[in-house]
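Structure first, then comments.
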Amino acid sequence: MDFAWSEEQQAFRREVIRFAQQELNENLIERDLHEEFSWDAWRKCAKFGIQGLPIPQEYGGGDADMLTTVCGLEALGYGCRDNGLIFSINAHMWTSEIPILKFGTEAQKKKYLPKLVSGEWVGLHAMTEPMSGSDAFSLLSRAERKGDRYVINGSKTFITNAQNAEVIIVFANLDPEKGAAGITAFILDKDTPGFTISKKLHKMGLRTSPMAELSFVDCEVPVENLLGKEGGGQTIFTVSMEWERICIMASHLGAMQRMLETSVKYAKERRQFGQAIGNFPPISTKIADMDIRLETARLVLYKAAWLKSQGKHALREGSIAKAYVADACIQQALDAIQIHGGYGYMTEYQIERELRDAISGKIYSGTTEIQKKIIAGFHGLSDVPSAAPARREQG
Amino acid sequence: MTEPGSIKAQLMPFVMENAQSKGINQVSDDDSLTASGIIDSLGVFRLVSFLEETFAVRIGDEEIVNDNFESVRTIEKFVAAKLAAKGEKAATR
Ligand SMILES: Cc1cc2nc3c(=O)[nH]c(=O)nc-3n(C[C@H](O)[C@H](O)[C@H](O)COP(=O)(O)OP(=O)(O)OC[C@H]3O[C@@H](n4cnc5c(N)ncnc54)[C@H](O)[C@@H]3O)c2cc1C
């Protein structure tokens, strides 16, 4: 068991923090208000190498192992206050780059990865539908094979990066008779006739990250755009979620550290009743709680990342980390606001935004309830499987 | 007849536990485990962890495809190939 980052990792961490603090925080209050995505910051991150961190060098990436990637994303979360930008980057990496890297053909990897890594193209994945959220595999989108093409019909909602994406990984059922085993992933180019962004969505937090509903009407995709195998969609989705849950939460660790440090500083500076508020036990205890939370959150997340960097699977550990860190980050923001009193509630202090941004951590990449369902499943406790036709008929 | 100690003998208790938890009491070698819901997306990962532990093999993300885990027979074949590759590696070391 080794709890230390290597010297290179520490240097990398410092470099990411410096870059993020200097380059990524401009006009954030305004951009949050007007829901503006920063292309400038996106491109700077790509140039720095963030989007390509875990991708092999032959496709332009940084070839970093999972722990180093987590180290970089945590540093990014610490230095960059634009949680929406970080969210968009994570969605791009784990739900478009990783599925193509892990399940794509060599031709697909060569076509898509270099441009996704360089930031020229933005990627997304479209799974959620109006009638299927947590029960993702009961989706109603359909694909049909017609000669050398697949024809896709359906609609998707809550799709991150929708307005910016060139590369769309869409899940549709090719063989509904087979239930979830018919779900298949396709790579769609944004100019495909029949594909439209049907409605822009506005949200409580992560407002600098674009989101929309998508519509697919007789969208024709050449057979070479099948991702993985027919019926392989479930696994592709689950593998990308395993990566995403760990890595997206790494940036939360950085945000949690930032909130702790800001709160400590404020508790020392702000005086009431003739002394620093940090002298009052209810405040110092909150600081201690924030520290405990950060430390424990790091342990669960690093453990999951360590397993992945050893080439092992970490679906259970990833779910534990996702559920734990999501809650921890929300509580961290609540404590930070409380310590800052009325100032913490004001937009100018940029802590209320942290809370708005943090809340979605309990919803995306599988809600906290679903993470607990996955964890319970590892103990042999599972309810009726979704989208299994045999069971459906009985039920 | 399943030979004691064979891949299948070690695999079947896991498969049957999953099947029974879904109300299925019989699984033959070629039954589709995914289409019947015995192995769902989460079940595949539990199966992978089980195989990695039981047979001391490493299974990559890209190997988690239906072709390998579709039925008892395909799992058996997949594990046998993994063990053979491991044996070859050990032998050439
Ligand atoms: C910021 C953000 C970004 C997103 N980005 C994407 C994206 O890029 N691509 C994409 O495809 N999707 C995306 N989503 C969608 C997200 O994956 C879904 O919102 C999520 O899976 C939950 O689905 P739902 O909203 O339909 O809620 P529902 O599934 O309807 O759940 C409602 C409530 O019921 C609970 N619940 C449901 N089933 C169970 C159960 N079996 N046991 C216990 N409780 C249960 C849930 O936990 C939740 O509390 C995003 C969502 C958000 C908030």
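Among the residues of the range A:131-158, those identified as assigned to a loop (DSSP other than H, G, I, E, B) and over 20 Å from the mean Cα position of the chain (by Cα) are A:M131, A:L139, A:L140, A:S141, A:G147, A:D148.
Does A:A46 count as more than 28 Å from A:H313 (Cα to Cα), in a helix (DSSP H, G or I) and among the small types (G, A, S)? No; evaluated as a whole, the condition is false for this residue.
Remark: A:L253 matches the filter, which requires a residue to be surrounded by 16 or more Cβ atoms within 10 Å (Cβ to Cβ) and more than 14 Å from every other protein chain (Cβ to nearest Cβ). Among residues of the range A:257-283 that are charged (D, E, K, R), those with a beta-carbon under 9 Å from a residue that is assigned to a strand (DSSP E or B) at least six positions away or on a different chain give the pairs A:K268/A:A276; A:E269/A:A276; A:R270/A:A276. A:A288 fails exactly one of the following numbered conditions: (1) within 14 Å of another protein chain (Cβ to nearest Cβ); (2) under 29 Å from A:E317 (Cβ atoms). What is the number of that condition? Every listed condition holds for A:A288 apart from (1). For the range B:3-27, give me each residue that is part of a loop (DSSP other than H, G, I, E, B) and either surrounded by 13 or more Cβ atoms within 10 Å (Cβ to Cβ) or within 14 Å of chain A (Cβ to nearest Cβ) (or both). B:S6, B:K22, B:G23, B:I24, B:N25, B:Q26, B:V27, listed by residue number. Close contacts from the range B:62-87, counting a first residue that is touching a residue at least 60 places away in the same chain (Cβ under 8 Å) and more than 10 Å from chain A (Cβ to nearest Cβ) and a second that is part of a loop (DSSP other than H, G, I, E, B) and hydroxyl-bearing (S, T, Y), with Cβ to Cβ under 8 Å and a gap of 6+ residues or different chains, come to B:V72/B:S28.
For the range A:22-79, the set of residues classified as of a type in the set (F, W, Y) and either closer than 17 Å to A:G205 by Cβ or at pLDDT below 95 (or both) consists of A:F37 only.
The number of residues in the range A:193-213 that are surrounded by fewer than 18 Cβ atoms within 10 Å (Cβ to Cβ) and at negative phi comes to 10. Within the range A:180-192, identify whether any single residue is touching a Cys at 6+ places or on another chain (Cβ under 7 Å), on the phi < 0 side of the Ramachandran plot, not assigned by TED's automatic domain parsing to the domain that holds A:N90 and not aromatic (F, W, Y), and answer yes or no. Checking the range A:180-192: at least one residue is touching a Cys at 6+ places or on another chain (Cβ under 7 Å), on the phi < 0 side of the Ramachandran plot, not assigned by TED's automatic domain parsing to the domain that holds A:N90 and not aromatic (F, W, Y). Of all residues in the range B:1-30, exactly one satisfies the criterion of being within 18 Å of B:L83 (Cα to Cα) and of a type in the set (V, I, T), namely B:I7. Just one of (1) within 16 Å of the ligand (Cβ to nearest atom); (2) of a type outside the set (F, W, Y); (3) not in a helix (DSSP H, G or I) fails for A:G361. It is (3).
In the range A:179-235, of all residues being part of a helix (DSSP H, G or I) and over 21 Å from the mean Cα position of the chain (by Cα), the one that is nearest to the other protein chains (Cβ to nearest Cβ) corresponds to A:A181. With respect to A:E348, determine if the residue is within 14 Å of chain B (Cβ to nearest Cβ), in a helix (DSSP H, G or I) and either modelled with pLDDT of 95 or more or away from the ligand (no atom under 15 Å from the Cβ) (or both). Answer is no for this residue. Here is the figure for the range A:91-140: residues that are within 16 Å of the ligand (Cβ to nearest atom), out of contact with any Asp or Glu (no Cβ under 7 Å at 6 or more places or on another chain) and either without any contact (Cβ under 8 Å) to a residue 60 or more places away in the chain or more than 13 Å from chain B (Cβ to nearest Cβ) (or both) total 14.
The values are calculated or read from the model by the stated rules, or taken from the named source; none is laboratory data. As the structure is a computational prediction, the values presented were derived from the model and not from experiment. All Cβ positions, even for glycine, are placed from backbone atoms using ideal geometry, and neighbour counts span all protein chains on display.
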